[in-house]
Structures are given as structure tokens and as C-alpha cells.
Amino acid sequence: MAGCMGLAFCTAVFSGEPERRLPVREYRDKMKAGWIGQIIGVAWGGPTEGRYRHIMPAANMPPFREELVNGAFGQDDLYVEMTFLRSLEQYGFDVSVRQAGIDFANSEYPLWVANDAGRRNLRAGIAPPDSSHPKFHNCAGAIDYQIESDYAGLIAPGMPNVVIALGEKFGRLMNYGDGVYAGQFMGGMYAEAFFERDIIKIIEAGLRCIPEQSMYAEMVRDMLRWHRENPDNWERTWQLVDRKYRDRNYYISALDVKLEGAFVLMGLLYGAGDPDKTIIISCRCGSDSDCNPSSSGGVLFTSLGLSKLPARFYRKLDEKAIFIYTAYNFPALVDVCEKLARQAVVRSGGRVEKDANGEDVFVIPVRSPVPSRFEDLKRPGPIAGSLYTDEEMRRIQSPALKWALPKLLPGWELAQGDPGRSCLLWQWQGKKNVLAVQGAARTQTGWRLQKKAEIPSGKKARLSFFCAAEGEGWEVAVTADGRELARRTVSHDPAKAGWTPVELELASASGKAMEIAIIGKPTATRPTRDQRPCYLVDVTFVAD
């Protein structure tokens, strides 16, 4: 079935079609609750994350505290999806997937699993949708877009095709197949939760948003069936999930989205509409036990609305605090969601009317969802061959060395080091085109730049560059065919900001090719994940 690949697909108007009415005041009430549910779920489950592969004992569940509502301002479950909101706010719903990729590539927060792999690909010049293709990373079916898709349903009440289209735009940056469908399913549940309290109907609405032949859809159907068969025994259903979805035929990616999605549904199905019980069950299922209760809490809280929630969930919220790496505090977040929801309603063929009291009401056409084209993670389709142009790459603040070296230093390669964190800085400390080279985290192996070079018999070559460091320093050496020719200790002295020059000649009597290498090793005895890069600039090699 053809997918809703662009938001323009959702703008046709059909006369006589059914409509749903949603007062904007009620929309804001439910949308706020959706964000609060995410916040409470991730903060409450945070101390348990990744600690349990089995059902967590009830006694190990952290106690609820009202201060939890301020515990998610630094959580990736929140700030990553706000990057997508910011792209929509700045460029509108017609923002291209390529621009969305540039915005994501320019994010500065730490990432993991598919998010990290997708962003590395973007910074290396691999444009979406290929940035998420299994050919280019091995965790395309991980949980990432599932935990970041809440925004889509929260700005598209009753508009599942908008949710699906947003998944094609933002989910494609890091996920493929089931990884994308999981987010479209979650967003579809949120979109329905504005109009529906029955959890089964909300889940069924999300299911209609994804290809029925996908393994994720199979998991959702399994969960509905196992709940019918074991309506009062979630531990028994957990055992069925564990047996099937940890099997290698289904568990394809690290943090596989089908297993984690099942634990989201566990909370929704067995929580019986109770906020505490819903979050606790999703958390006690283990594995990614902060992300999963964030999702189940978000969906359930949306269906209830803030006005129906106990005040203990939100009354201590610090409305002035900014979500880290974003432009939003809670009131600003709510306002941008309403702004985008108004746009989505009109784009979907709806309208905003006044009721008898002069208050705004969303009038939303009822449209059947059109799922995306089916993709199989086990047998992925061909790549699109999508690459960023040099002009687009100049808009990425720190392109990966994989892209930069062929442009700036033909023949050189990063033979050792961290290819994801090593990058080009267009300008740093008064210099242009600076290479920020990083070793693998938590190791002392450092990094190595090298090239094969032939120096004509009886001639000499010159190699020169400048190097600098921040924080802990680096030992920088130059070798030719393994023989050390120079070594410099590069350290950061706050009183002496500057660059250390390296310049030397290489002679050859044979005329044969030799391997030239610039090697960096941390001076710290035990480097940490926070070890700063070594900076190189003006690398020049001339052989004549």
C-alpha cells in the first residue's frame, strides 16, 4: 500500500465526511497531560533503567515523589523530540527530510544506539533516508524513534496521517522498518487518545497506522490476544513476550523495538486506566524501564487530561526551567504544540471555529490512516543513494572526518580512533578547517591519521601542521614506516592559549612508497569518556 510520504497528501477536502470537534482548551489540557505523563514515566523509572532482564520485584520499584515532575529536563526521551518540534516551528510542515537531517546532525546532546548511528551517518554525508538504512548501521530496529514520536500525536489530535507522514520525515533519520512503524504506532495512539478513553480502542487506532504484515504489528496483535487470554495476569503475558520476542528471529536490533513496545503495551493494557499502575507495570517489565513507562504514561495521561489527573503529578512543576539543549520551558513547549496543531488541522482539511462562548474549537475531518510502505528489517530493500551535497554539508556544524578528509586532505585516512566523534570544525580558536580528532572512549589507544606517499628517489618531503588541546593533553608523534621522526606534548595552558607547531623533512633514497602517520595518545593515565579531542590544522605534505 502506498504510504503517506508527505504532509501535502493529507490536505484534500471531501464533502460530507465525518468530523470530530475538539475545543482548543480541551486540546491544551490533554496535550499538557501527555507531556507530564512522559516526564513522570521517565523520571520515575530512571533509577531502574537497564538493570533488569526479568520482572523487577515490586519492592525494588522506586517510590513516587512529587519532585519527579522536574526530573526530565535533561532526559533524551524529551529533548530529542523537541529537536523535531523546533524544525517544524522554524520551517513548517513542509520542512524537507534533508533539512530535518541537517538539524538533527547539528544537535549537540549525547546519543545512543540508532540515534547515535543515524546522526553519525548524517555527519558523514549520508542523507536520509539512507542515514537509517541497515546497510549503514546495525540498530535500525531499535527503540529510538518509538521514544521520540510522542510529539507527532500531540500536535496531530485525530489526524493519524499527519503522524504517519511525520514518521517518514523524522523517523527516517535513524530508524528503518519496524523502528519507524513503532513511532507511527505510538503517535497514532496519542492522536486517538484526544478523543478516546478505552485503551483497547486507542491501541487498535495505533495499529491501523502501520503495515499489517510488519513484525511490530504482529507484536501488537499478540499483546491484545494475550491480554484477552490472561486478563488478570500480566506476569504470564510477560513470560509469553519474553519467550517470543527475545528469540533471535524477532530480536534483530539492540534494544529491539518490538520487545520494548510490548512492555509499553503491558502497562497500558494491565494498568486499567490507573496512572500509577500503568507506569509501574511498564517499569517492572525491565529492560529500557524508563523509556517504556514514559510512553505508556504519556498515552494514558493524554486520554485523561491534566484536569482529571491527581495534582501530585504536576503541581511542583518548575515552569521556568528549560529542557536541556532546547529553546523550551514547559509553557513554551505547550504553546509551540498548539501553534503546530492549528497548522495541522488546516492542512488536513479541517478548520478552527468559535463556539457559543467565543472559544476556539478544532474541527477535524475523520480520515482512515494510510500506512507507510512495508519494509522488512531482515531483508531490507535497496538504498536510495542519498548523499548530502558539499553545500548542504557546509550547513552541518561538525562534519565527520569520513566526509572531510577526502575534501581537505586527499589520501589521508583515520586508521584508528573514534570516527563518530572525530570531526571537522569549520572554525576554532582563530583557525579555519580544524580537525578535531578523538580516540575511542575509555581506551588509551588514541588515534592515527595516515597516508601512503611516494617520495622521489633522492628527494625530500615536508610535513607540517599545528596542534592544540583542551583539558587533558595529547602526545602527538609523526612516524614514517613505523619509525618515529618527531614527538610533541600538546597541553592546554589557560594562560597560554595557542597552537604547537610541528614541521619536519622526510628523505627517501629508494623512491618507494612509505606510510606517513600522525599519531595521538592521551597523556592521561586513565582517559575518560570526557577526554577532549586533539586539534590539528594546516596539515601540509609536499613531496618533490
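The values are calculated or read from the model by the stated rules, or taken from the named source; none is laboratory data. Given the structure is predicted, the values throughout are model-derived calculations rather than measurements. Because the Cβ atoms are built from the backbone with ideal geometry, glycine has one as well, and the counts that use them run over all protein chains shown.
Just checking, does region 465-478 include any residue being at pLDDT below 85, surrounded by fewer than 16 Cβ atoms within 10 Å (Cβ to Cβ) and out of contact with any Pro (no Cβ under 9 Å at 6 or more places or on another chain)?
The answer is yes; a qualifying residue exists.
Given the options P371, P406, P380, name the one that is free of Cβ contacts under 8 Å to residues at least 40 places away in the same chain and not assigned by TED's automatic domain parsing to the domain that holds G179. Give the steps one after another, and end with the answer.
Working: P371 fails: free of Cβ contacts under 8 Å to residues at least 40 places away in the same chain; P380 fails: free of Cβ contacts under 8 Å to residues at least 40 places away in the same chain.
That would be P406, the only listed residue that is free of Cβ contacts under 8 Å to residues at least 40 places away in the same chain and not assigned by TED's automatic domain parsing to the domain that holds G179.
Restricting the search to region 338-372, which residues are part of a strand (DSSP E or B) and of a type in the set (D, E, K, R)? Working first, answer last.
Taking region 338-372 as the starting set, the residues that turn out to be part of a strand (DSSP E or B) are 351-354, 360-365.
Result: R351, E353, K354, D360.
In region 302-320, which residue that is surrounded by 14 or more Cβ atoms within 10 Å (Cβ to Cβ) and aliphatic (A, V, I, L, M) is nearest to M186 (Cα to Cα)?
L304
Tell me which residues, restricted to region 420-445, are at pLDDT below 90, more than 27 Å from the chain's Cα centre (by Cα) and either over 16 Å from Q531 (Cα atoms) or not hydroxyl-bearing (S, T, Y) (or both).
Q429, G430, Q444
Keeping to region 136-165, report how many residues are closer than 13 Å to F84 by Cα and assigned to a loop (DSSP other than H, G, I, E, B).
Residues flagged as closer than 13 Å to F84 by Cα and assigned to a loop (DSSP other than H, G, I, E, B) within region 136-165 amount to 2.
Out of (1) touching a Pro at 6+ places or on another chain (Cβ under 7 Å); (2) more than 19 Å from I143 (Cα to Cα), what's the single condition that is false for I210?
Every condition holds for I210 apart from (2).
I need the helices (runs of 4 or more DSSP H) fully contained in region 176-254, keeping only those with at least 3 residues that are touching a Cys at 6+ places or on another chain (Cβ under 9 Å), surrounded by 21 or more Cβ atoms within 10 Å (Cβ to Cβ) and among the small types (G, A, S). Give the steps one after another, and end with the answer.
Details: elements: 178-193, 199-207, 215-229, 234-245.
Qualifying helices (runs of 4 or more DSSP H): 178-193.
Would you please list the contacts, defined by Cβ atoms under 9 Å and residues six or more apart or on different chains, that run from a residue in region 229-240 that is more than 20 Å from Y52 (Cα to Cα) to a residue that is basic (K, R)?
Listed pairs, sorted by first residue: E229/R236; N230/R236.
Do we find a residue being among the aliphatic types (A, V, I, L, M) and either surrounded by fewer than 17 Cβ atoms within 10 Å (Cβ to Cβ) or assigned by TED's automatic domain parsing to the domain that holds Y181 (or both) anywhere in region 416-430? Even if it seems obvious, please write down each step before you answer.
Step one: of region 416-430, the residues among the aliphatic types (A, V, I, L, M) are 424-425.
With the extra rule that they be either surrounded by fewer than 17 Cβ atoms within 10 Å (Cβ to Cβ) or assigned by TED's automatic domain parsing to the domain that holds Y181 (or both), the set shrinks to none.
Checking region 416-430: not a single residue is among the aliphatic types (A, V, I, L, M) and either surrounded by fewer than 17 Cβ atoms within 10 Å (Cβ to Cβ) or assigned by TED's automatic domain parsing to the domain that holds Y181 (or both).
Hey, among L173, L207, which residue is in the same structural domain as E49 (by TED's automatic domain parsing), at pLDDT 95 or above and under 26 Å from T389 (Cα atoms)? First the steps, then the outcome.
Numbers: L207 fails: under 26 Å from T389 (Cα atoms).
When all the criteria are applied, what remains is L173.
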